Amino acid sequence: MSEPQLDVRAIQPRDRHPQIFGTFESLAVGGAFILVNDHDPKPLYYHFNAERAGTFGWEYLEEGPEVWRVRISRTV
């Protein structure tokens, strides 16, 4: 089964993090989704690390320059 994708490129920037965290919270332990973004989501990584340290995995699948894809998984 392929992992769902969350493409946030068409979502207003102020609404992106709430949508991403909502998607993360809906995952079962061991589940994952692919985040598709128009820039490096490094600030999102820091946000996850501040609020969900030790509960997530972060793996870059594609690193620009036009599209970034990151596999975000729930580990706990």
With charges set only on the Cβ (+1 for Lys and Arg, -1 for Asp and Glu), what does the dipole of the chain come to about its Cα centre, in debye to the nearest 20?
200
Charge-dipole axis of the chain as Lys and Arg at +1 and Asp and Glu at -1 on Cβ define it, positive-most pick from GLN5, PHE33, PRO18:
PRO18
Rounded to one decimal in nm, the spacing of the 7 Å Cα→Cβ label points at TYR46 and VAL76 is 2.3
Helix axis angle, 13-25 relative to the chain longest principal axis, alpha carbon, degrees:
30
Mind checking the angle between helix 42-52 and the chain's longest principal axis? C-alpha axes, 0 to 90 degrees, to the nearest 10.
20
Per q in 0.15, 0.16, 0.17 Å⁻¹, report the Debye log10 I(q)/I(0) for the chain, using one uniform scatterer on each alpha carbon and no solvent.
-0.45, -0.52, -0.59
Kindly report the accessible area of the chain per residue (heavy atoms of protein chains, probe 1.4 Å, no ligands, DNA or RNA), in Å².
61
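The values are calculated or read from the model by the stated rules, or taken from the named source; none is laboratory data. It should be emphasised that the depicted structure is a prediction, and the values quoted were computed from it without experimental measurement. Note that we place each Cβ from the backbone using ideal geometry, even for glycine, and neighbour counts take in every protein chain shown. Only protein heavy atoms, including side chains, enter the accessible area calculation; ligands, DNA and RNA are left aside. Shrake-Rupley method; radii C 1.70, N 1.55, O 1.52, S 1.80 Å.
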